[in-house]
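Contents: one structure, followed by commentary.
No value in this document is a laboratory result; all are computed from the given coordinates. Fair warning: this is a prediction, and the values are worked out from it, not measured in the lab. Positions of Cβ are backbone-derived with ideal geometry, glycine not excepted, and every protein chain shown enters the neighbour counts.
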Amino acid sequence: MTDSAFLRACRGEPVPHTPVWFMRQAGRSLPEYRAVRANVPMLASCRTPELVVEITLQPLRRYGVDAAVLFSDIVVPLQAVGVGLDIVAGVGPVIEEPVRRAADLARLRPLTPDDVPDVSASVTALVDELGGTPLIGFAGAPFTLASYLVEGGPSRNHERTKALMYGEPATWHALLDRLADIALGFLQVQVAAGAAAVQLFDSWAGVLSAADYRRYVLPHSAKVLGGLAGGGVVPRIHFGVGTGELLGLLAEAGADVVGVDWRVPLDAAAGRVGPGRALQGNLDPAVLFAPWGAVAAKAREVLAAGKAADGHIFNLGHGVLPDTDPRVLERLVELVHAESAR
Ligand code: CP3
């Protein structure tokens with residue numbers, strides 16, 4: 001497994017073909033997913049190992065991707081330490097009592113393996129089923145988790161989050177420190193159970209300037225990524241949307257692989273990230289709705305630009321959109337494998 005194309009690309013080693021997987025590959029675009037999820041709420045699905053195993057394997061059967069990504073959600077560890085929340089279909093995570101002041105932080109205790117025995121069981125069972133295909137574990141990064149907790153749900157402008165960050169920096173740093181411990185604990189559980197790599201999703205970090213990211217966020221994400229370094233190390237992927245100005249800082253926080261959205265070509269991203277780190281990305285997920293000829297042309301551009309990186313993992317620039325035609329993803333995997341074969 002350490003010899004898989006995915007792990008080799010993470011380490012910047014030569015590969016037989018460019019590996020490919022898709023963020024949100026397990027999910028709503030698959031009819032077989034909708035079938036098993038019928039009548040089971042999202043969070044309950046994430047906490048039921050038999051469902052997690054089945055849903056995680058579905059995209060592998062269909063697409064032949066080079067890695068699996070655990071079916072879970074970034075808010076699972078928050079719920080596991082006792083935060084009242086739900087995932088509302090078509091909306092996203094909704095928090096019962098948002099975190100707004102220092103006294104609210106007591107609700108955010110560190111996560112221990114005993115909080116998520118189901119996650120350990122799911123990962124263990126998956127590693128067994130996958131027989132050599134790497135499993136990617138993941139967590140939400142402190143800033144993105146903080147945004148949901150402070151806003152109380154999804155947000156366009158993140159105004160309450162920024163008000164806390166600029167207005168009460170001591171509370172802000174205490175909040176992100178607690179979230180770093182929770183994210184790190186969640187990743188450690190997955191690695192201990194056999195996850196071969198991890199991805200830290202800082203989906204909304206792109207709303208920050210580089211100076212503010214460095215001051216208010218980077219130390220906390222570095223605590224998460226740094227906590228995974230050392231013995232038995234697995235590759236760490238660090239991703240956010242709209243992070244063109246932050247790519248160097250995402251690397252500096254301690255990533256082995258930097259995930260890039262579709263706004264920055266990979267050859268330009270390689271310059272911003274610097275040598276010795278692989279890149280992951282970055283086909284615009286909306287391109288998949290264009291005629292196949294256009295999809296293929298765009299995918300070839302991504303493959304060509306990816307040659308500039310010290311290791312390239314093909315992915316979309318953000319998650320698979322719900323109405324994506326699964327057959328297009330299937331053809332895309334074939335194209336990436338065929339045209340990158342060496
Ligand atoms: O990538 C995968 O296939 C693994 C599963 C996965 C889910 N969520 C399952 C899910 C992963 C990696 C995530 C991460 C996640 N969750 C992020 C970071 C990635 C990103 O897209 O930026 C974020 C911000 C969340 C929070 C969240 N959970 C959102 C915004 C939503 C979508 C709300 C909606 O319905 O539009 C969810 C729900 C969610 N998480 C679904 C899935 C499959 C949809 C639930 C359903 O089927 O109704």
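Going by C-beta contacts inside 10 Å, put Arg109, Arg101 in order with the fewest on the left.
Least to most surrounded, the residues fall as Arg101, Arg109.
Using mean Cβ contacts within 10 Å as the protection proxy, how do 278-285, 171-178, 78-85 order, highest first?
Sorting 278-285, 171-178, 78-85 by mean packing, highest first, produces 278-285, 171-178, 78-85.
List the lysines whose alpha-carbon lies under 26 Å from that of Lys223, not counting same-chain residues fewer than 8 positions away?
Within reach: Lys162.
Once Lys and Arg get +1 and Asp and Glu get -1 on their Cβ, which of Ala297, Thr124, Phe239 lies farthest toward the positive end of the dipole of the chain?
Most positive-ward Cα: Ala297.
Just name one of Pro59, Pro154, Gly84: the one whose Cα is farthest towards the positive end of the charge dipole of the stretch 5-340 (beta-carbon charges, Lys/Arg +1, Asp/Glu -1).
Result: Pro154, furthest along the dipole toward the positive end.
How much length, in nm to one decimal, is gained on full extension between Glu330 and His173, taken as 0.36 nm per residue of separation minus their Cα-Cα distance?
52.2 nm
Using +1 on the beta carbon of Lys and Arg, -1 on that of Asp and Glu, and nothing else charged, what's the dipole of the stretch 1-104 about the Cα centre, debye to 20? Write down the numbers at each step before the final one.
On the way: 11 positive and 11 negative charges, 48 e Å.
It comes to approximately 220 debye.
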